[in-house]
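The values are calculated or read from the model by the stated rules, or taken from the named source; none is laboratory data. Just so you know, these numbers come straight off a predicted model, no measurement behind them. Because the Cβ atoms are built from the backbone with ideal geometry, glycine has one as well, and the counts that use them run over all protein chains shown. Each accessible area value is taken on the protein alone, full model and side chains, heavy atoms only, with ligands, DNA and RNA left out. Shrake-Rupley method; radii C 1.70, N 1.55, O 1.52, S 1.80 Å.
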Amino acid sequence: MGWIETQSGGYTVSLDGSEVLCRNAAGRQLKQVPPKLKDDSVVVQLRQLSEWLQRHERECREQVDAWLVRSLPVPVAVLARVWPDAGWQRALRDLVVAPVGDDGAADMARAGFLRDADGARGLGIVDLDGDSVRLDCAMVLVPHPVLLDDLEDLREFAVELGVEQQVEQLFREVWRRPETISGDVCETYQNGRFQQLRHATARAATLGYRVRDGRAVCPLVEDGRSLEAAYWLGADYPDAEAMTGGLTWLGEGGGRVPLAEVGPVAWSEGVRMAALIYAGRVVEDEEEALR
């Protein structure tokens, strides 16, 4: 963005990313915007624009994260339409994407790091051999890392390429469901003590999870089936002490899904939610901190 004259004092201002810059009448850039320009209409408008851009980028990241977590195929036409937008491009660039065939299955052998999206030429990627290629397909999947074979090798390759993902994908922590499991409650993150229930619910909200009926919840879609991971935080007064309970997965009717039937993405994301909230518990000793 170029420099814009303010309403007073010969100052000019500009926007660099989310930061408002200021120069004096002599053209020297100042360390900060002078307090006397706080209410200048041009400065106010730039700050409002900065806030909007930051909110827009956050919403772009949240939408892309939802595609990843819910295993939703995305039309290439949509990616091509939003790619020129800097906020969308930062959220999408360098994500691993895989073409989706007519049968609805993703071809992981043709996956690669997204570098370009064009309505006429398709998607430009760097494939897993390091070659720049174009994908000619109508839909792509932004695969959850738990679905990626040789994840550690992919992470090393990403570091070599200098990949910097704005949305956590390759370096997202994953949890894999035990091969032999029974019941419908995961008890691994029970008995996490919070001095006040409000501390647990605030932590859940800060991490991006909704809290409903005493539970932190994470909506998910796997294999076309909607379900929800739910982690018990408590339903007492907000200032009362709280002890976390079990982690469950609920189907469309609200009933619990047997743990053995929970898919890999839903399992990983549900446990991730519980683990992140549980990490904020009151820790009495070093041994408990290692649990």
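Structure notes:
- Solvent-accessible area of D118 with every protein chain in place, 1.4 Å probe, in Å² to the nearest 10: 50 Å²
- Overall Cα dimensions of the chain - principal axes, largest extent first, Å: 73, 55, 38
- Gyration tensor verdict on segment 1-151 (Cα atoms; rounded if a/c is under 1.5, prolate if a/b is larger than b/c, oblate otherwise): prolate
- Under-5 Å amide H pairs with C137, H placed in peptide plane, nonlocal only: L123
- Each other residue within a Cβ distance under 14 Å of V211 adds +1 if Lys or Arg and -1 if Asp or Glu, for a net charge of +2.
- Largest accessible area first, the listed residues K36, K31 line up as K31, K36 when surface is computed with a 1.4 Å probe on the assembled protein chains.
- Mean ellipticity per residue at 222 nm, deg cm²/dmol - from DSSP H runs of n ≥ 4 across the chain, formula -39500 (n - 2.57): -9000 deg cm²/dmol
- Per-peptide packing, taken as the mean over residues of other Cβ atoms within 10 Å, places 232-243, 66-77, 152-163 in the sequence 66-77, 232-243, 152-163 from highest down.
- If you sort the three axes of the alpha carbon gyration tensor as a ≥ b ≥ c, you get a/c of 1.5 or more for segment 171-291 and a/b above b/c, which makes it prolate.
- When E5, E173 are compared by accessible area at a 1.4 angstrom probe, the order from most to least is E5, E173.
- Among residues other than R172 with Cβ under 12 Å from its Cβ, the summed charge is -2 (Lys and Arg +1, Asp and Glu -1).
- A cut-off under 14 angstrom between Cβ atoms defines the neighbours of T6, and their net charge, with Lys, Arg +1 and Asp, Glu -1, is +1.
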